[in-house]
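This report concerns only the one structure given below.
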Amino acid sequence: MTAMKRSVWIVAGVVVLALLVAWLAFRGESENVVVNFVDNFGQAVEKRPTNANISVSDVTLAGQTKRAIVAPSSSRIAWTVTIPENARLLVSGGLREEAWTTKGDGVVFRVSMNDDEVLNMVIDPFGDPSARKWNDFEIDLSEFAGETVNVFLKTFPSPPGSNDSNGDQPVWGEPRIITR
């Protein structure tokens with residue numbers, strides 16, 4: 001083999017090795033979706049209020065579109081799920097863009113596993129312009145591994161002590177349970 005061919009093979013080997021190292025470093029952890037609550041919306045065991053227009057649609061907030069559950073400002077949706085090992089709940093919350101400039105005090109987003117609250121967050125894009133986006137949450141569910149629980153997504157029209165529903169148009173973006 002000539003020195004020129006040997007050099008080409010060495011360079012090719014270094015390039016392949018560099019690509020492999022880059023792929024391993026930047027691939028991130030893969031997401032194994034165990035339950036997609038949007039896809040399983042019809043299997044919810046509870047939707048309150050029962051006469052409310054709770055639905056699924058594509059919702060865009062700050063230029064980012066997600067498949068979402070659109071709920072009234074006072075709602076409760078539940079699914080019965082067995083939580084696997086190494087599970088995490090990924091969910092985004094927000095208010096529709098048309099609500100961002102309507103005077104109000106925000107919406108309370110709560111997530112519970114049976115009676116155990118795992119998320120309690122007020123999202124108020126009128127009072128806090130930094131909330132004018134999808135607000136992403138990742139919740140470790142390891143304490144519930146192996147248990148069958150009711151997973152509740154709840155919204156409330158105001159923080160405690162208030163009852164202002166102006167501008168309340170909450171959406172739950174891509175709620176899902178994953179394992180890694």
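Values as computed for the structure displayed
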item	result
Residue identified as at pLDDT 95 or above, over 22 Å from Pro84 (Cα atoms), assigned by TED's automatic domain parsing to the domain that holds Ala52 and among the aliphatic types (A, V, I, L, M) among Met121, Met113	Met121
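This table checks each residue for (1) under 15 Å from the mean Cα position of the chain (by Cα); (2) under 24 Å from Phe41 (Cβ atoms); (3) crowded, with 20+ Cβ neighbours inside 10 Å.
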{"site": "Arg88", "(1), (2), (3)": "yes, yes, no"}
{"site": "Thr101", "(1), (2), (3)": "no, no, no"}
{"site": "Gly106", "(1), (2), (3)": "no, no, yes"}
{"site": "Arg110", "(1), (2), (3)": "yes, yes, no"}
{"site": "Asp128", "(1), (2), (3)": "no, no, no"}
{"site": "Leu141", "(1), (2), (3)": "yes, yes, yes"}
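Matching residues to (1) in contact with a Gly (Cβ under 8 Å, 6 or more places away or on another chain); (2) part of a strand (DSSP E or B); (3) at pLDDT 95 or above; (4) over 23 Å from Asn40 (Cβ atoms):
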position: Val149; (1), (2), (3), (4): no, yes, yes, no
position: Thr155; (1), (2), (3), (4): no, yes, yes, no
position: Pro160; (1), (2), (3), (4): no, no, no, yes
position: Asn163; (1), (2), (3), (4): no, no, no, yes
position: Val171; (1), (2), (3), (4): yes, yes, yes, no
position: Pro175; (1), (2), (3), (4): no, yes, yes, no
position: Ile178; (1), (2), (3), (4): no, yes, yes, no
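The values are calculated or read from the model by the stated rules, or taken from the named source; none is laboratory data. For clarity, every value in this text was computed on a predicted model and none was experimentally measured. Cβ: placed from backbone, ideal geometry, glycine included. Neighbour counts: every protein chain shown.
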